[in-house]
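Participant: Mind having a look at this structure? Questions to follow.
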Amino acid sequence: MGIREWNVPEAWFRVEERPMRHPGKGLQKDQYKIIYNGQITVQNILEKACDYVVNGKSAIAWVMERQRIKTDKKSGIVNNANRFAVGTMQDPAYPLRLLAKVITVSLETVGVVDTLRDITFREAGQ
């Protein structure tokens, strides 16, 4: 990205062709850092946030997978997170904001579930 594009929100927050990803390879991937695009990296994600799993995948991974640019092979329809962010949400930062919200919700949910584990129940009449 050229220096002139930095002050244009659509350019700064653009989801790139290469999807959001954790840096590193294989088992060396840093699960607590997400490369959003060439300008933005989300860092210091708490381990608990990665513990919120739905249907075998963390909520964070689910959002990362879907906030991207992808063309359906059969129909040729392009799913473009940038078009949705600007055209529908009127917010070029929407994919980044969504990622941040899901990280927060994941942390909060794991916290609530952890407190529920400490609850003990007794049978009626005791």
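The values are calculated or read from the model by the stated rules, or taken from the named source; none is laboratory data. All of these numbers come straight from a predicted model, not from anything done at the bench. Please note: Cβ atoms are built from the backbone with ideal geometry, for glycine as well, and neighbour counts cover all protein chains shown.
Participant: Quick check on the range 101-123. Is at least one of its residues touching a residue at least 12 places away in the same chain (Cβ under 8 Å), in a loop (DSSP other than H, G, I, E, B), in contact with an Asp or Glu (Cβ under 9 Å, 6 or more places away or on another chain) and not small (Gly, Ala, Ser)?
Facilitator: no
Participant: Next up: Is it the case that Met20 is over 22 Å from Thr109 (Cβ atoms) and of a type outside the set (S, T, N, Q)?
Facilitator: In short, no.
Participant: Sticking with this one: Of all residues in the range 33-59, which are surrounded by fewer than 12 Cβ atoms within 10 Å (Cβ to Cβ) and assigned to a loop (DSSP other than H, G, I, E, B)?
Facilitator: Gly38, Gln43, Asn44, Asn55, Gly56
Participant: While we're on this one: Name the residue, out of Arg83, Arg97, that is loosely packed, with under 13 Cβ neighbours inside 10 Å and outside any loop (DSSP other than H, G, I, E, B).
Facilitator: Only one candidate qualifies: Arg83.
Participant: What about Ile103, is it under 15 Å from the mean Cα position of the chain (by Cα), over 14 Å from Phe13 (Cβ atoms) and hydrophobic (A, V, I, L, M, F, W, C)?
Facilitator: Yes.
Yes/no matrix, rows are residues, columns are (1) touching a residue at least 12 places away in the same chain (Cβ under 8 Å); (2) part of a loop (DSSP other than H, G, I, E, B); (3) over 16 Å from the mean Cα position of the chain (by Cα):
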residue: Ala11; (1), (2), (3): no, no, yes
residue: Val15; (1), (2), (3): yes, yes, no
residue: Gly24; (1), (2), (3): no, yes, yes
residue: Gln31; (1), (2), (3): yes, yes, no
residue: Ala61; (1), (2), (3): no, no, no
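Participant: Got at least one residue in the range 69-91 being farther than 19 Å from Pro19 by Cβ, modelled with pLDDT of 90 or more and under 15 Å from the mean Cα position of the chain (by Cα)?
Facilitator: no
Participant: Moving on. Cβ-Cβ under 9 Å, sequence separation 6+ or interchain: first residue in the range 67-84 and without any contact (Cβ under 8 Å) to a residue 24 or more places away in the chain, partner surrounded by 15 or more Cβ atoms within 10 Å (Cβ to Cβ) and among the aromatic types (Phe, Trp, Tyr). Which pairs?
Facilitator: Close Cβ pairs (under 9 Å, with a partner that is surrounded by 15 or more Cβ atoms within 10 Å (Cβ to Cβ) and among the aromatic types (Phe, Trp, Tyr)) amount to Phe84/Tyr94.
Participant: Taking the range 106-126 as the search range and keeping residues that are modelled with pLDDT of 90 or more and of a type in the set (D, E, K, R), which one is farthest from the chain's Cα centre (by Cα)?
Facilitator: Taking the candidates together, the pick is Asp114.
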